[in-house]
Amino acid sequence: MNFELSEDQQLLKKMVKEFAQKEIAPKAHLFEDKHEFPRELLAKLAELGILGMTVPAEYGGTKTNFLSLIIALEEISCISASLSVIVSVHCSLFCYAIQKFGSEMQKKKYLPKAAKGEIVGAFSLSEPGAGSDAINLKTRAVRQGDHYILNGTKSWVTSGSEAEASIIFATTKKEHGVKKLSAFIIEENFPGFHISKIEEKMGLHSSLTSEISLEDCKVPLENRLGEEGKGASIAFHCLDGSRIGIAAQAIGLANEALNEAVRYAKQREAFGKTISEFQAIQFMLADMATLIEASRLLAYKAAYLRDKGKPFSKEASMAKLFASEAAKKIVDQALQIHGGYGYSKEFFIEQLYRDARVFTLYEGTSEIQRLVISRHLLKE
Ligand code: CAA
């Protein structure tokens, strides 16, 4: 058993950390404050090869292994959780889905541009009435000769308003009362594709989240991703991987919350000494650090299994469940250590507290992760 990252992974971690501190940190809060999509920062990440990390070299990418992507997402999230989720969706949902299930034409058309950051990708499964119950989609796709006509509303789409192309899931038929889904690559300029709303969210303000309305949206047959009726398998297979990415996002943010708490505890004085000298504070810091380490081990193990081509769905859900719930506790304790100042926008912990709240919700709630884990246990 080896707990060391490879030399390449250590170099990557160092490179992304330095890059994030130098290039992302000075600007991330400006995009966050203005609720503005950080295109400029994405362009820099593209130059570094990060946006092509799930794209094979023959399509212009920098694909190595999945653990490396997880390491990069964690480092980006230490500085900007918004940027981390944008990159995660682009790499582990959009690019990965096309790389794994796409036709040669789709790979050649979308992957080189996505790897270079010339297009940003989104992934749209949820609907206003179908979040956890993801099969139960109202959006319909009806085949008419050499194209499909899609009608419906998709919601909570990360980067939906900014993406030049999105993978969108719709029902194509019903078999024995169960809806069968299909996946489509839909470009922003396809007729009938509209952004109907940008959500006003509690946190992750520079990661724009939108509602998409499809009104007789005409999609060429060649833009169906994978076989008709296999959409659910495509969606859940891709989500298995990207849930490890959300665990990494939670770990990076939680680590930053711990750093903020340590910094504050070492300089804030009460009762004649710094508060870091009180055992109540020390124990909170110890618990936070232990939760982070356990989250990281779960996430790295899930990524390792995936890289080895072994089953990893249960472990991905465990990593996502544990890391997202841990991050929620960690930001709460870090804010507690800041006392009243933690409630003020002057301190970064206020933003981290808000940003972390979504981790137990998106890409499958904690309840859905428990459902996936327990289904595996009962099957094994
Ligand atoms: N890998 C591959 N295929 C899978 C799979 C997996 N892990 N899990 C299920 N499938 C397949 C099944 O084999 C079945 O295939 P067929 O139709 O070919 O028979 C199909 O998917 C349906 O499977 P189930 O019958 O098990 O489906 P279910 O209705 O019981 O639901 C669920 C399972 C786990 C609850 C699922 O609905 C789920 O994960 N829900 C949560 C959805 C979710 O995570 N949404 C996140 C939205 S995306 C997002 O948030 C991105 C963002 O922008 C940040």
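Over the Cα atoms of segment 123-229, the radius of gyration divided by the Kirkwood radius equals 0.97; this is the Rg/Rh ratio. Here LYS266 is the anchor, and the aspartates and glutamates within straight C-alpha reach of less than 13 Å, apart from those fewer than 8 places off in the same chain, are GLU277. A cut-off of 5 Å between modelled amide H atoms, ignoring neighbours fewer than 5 places along the same chain, links SER124 with ILE167, ILE168, PHE169.
Separation of the alpha carbons by more than 23 angstrom is noted, of LYS63/LYS310; LYS138/LYS180; LYS116/LYS201; LYS27/LYS63; LYS34/LYS201, for LYS116/LYS201; LYS27/LYS63. Set against the 2.2 N^0.38 Å expectation for a compact globular protein, segment 56-183 has a Cα radius of gyration ratio of 1.15. Its Cα gyration tensor gives segment 239-379 an equivalent ellipsoid; the semi-axes, largest first and in whole Å, are 33, 14, 11. Kirkwood analysis of the Cα pair distances in segment 54-97 returns a hydrodynamic radius of 10.7 Å. Heavy-atom accessible surface of the chain, averaged per residue, reaches 45 Å², computed with a 1.4 Å probe.
A quarter of the convex hull surface defined by the alpha-carbon atoms of the chain gives 19.7 nm² as the mean projection.
Peptides 205-218, 156-169, ordered by how many other C-beta atoms sit within 10 Å of their residues on average, highest first, read 156-169, 205-218. Rolling a 1.4 Å probe over the protein heavy atoms of the chain, with every protein chain left in place, gives an accessible area that is 53 percent carbon and sulfur.
With N the number of residues in segment 1-90, Rg(Cα) / (2.2 N^0.38 Å) evaluates to 1.09.
Against the empirical 2.2 N^0.38 Å (N residues), segment 257-317 has a Cα radius of gyration ratio of 1.68. Taking the helices alone, the chain has a mean residue ellipticity at 222 nm of -16500 deg cm²/dmol, built from -39,500 (n - 2.57) per DSSP H run of at least 4 residues and averaged over all its residues.
The values are calculated or read from the model by the stated rules, or taken from the named source; none is laboratory data. Note that the structure is a prediction, hence the values are computed from the model and not measured. All Cβ positions, glycine included, derive from the backbone under ideal geometry; neighbour counts span all protein chains shown. Just so you know, the surface numbers come from the protein's heavy atoms only, side chains and all, with ligands and any DNA or RNA stripped out. Shrake-Rupley method; radii C 1.70, N 1.55, O 1.52, S 1.80 Å.
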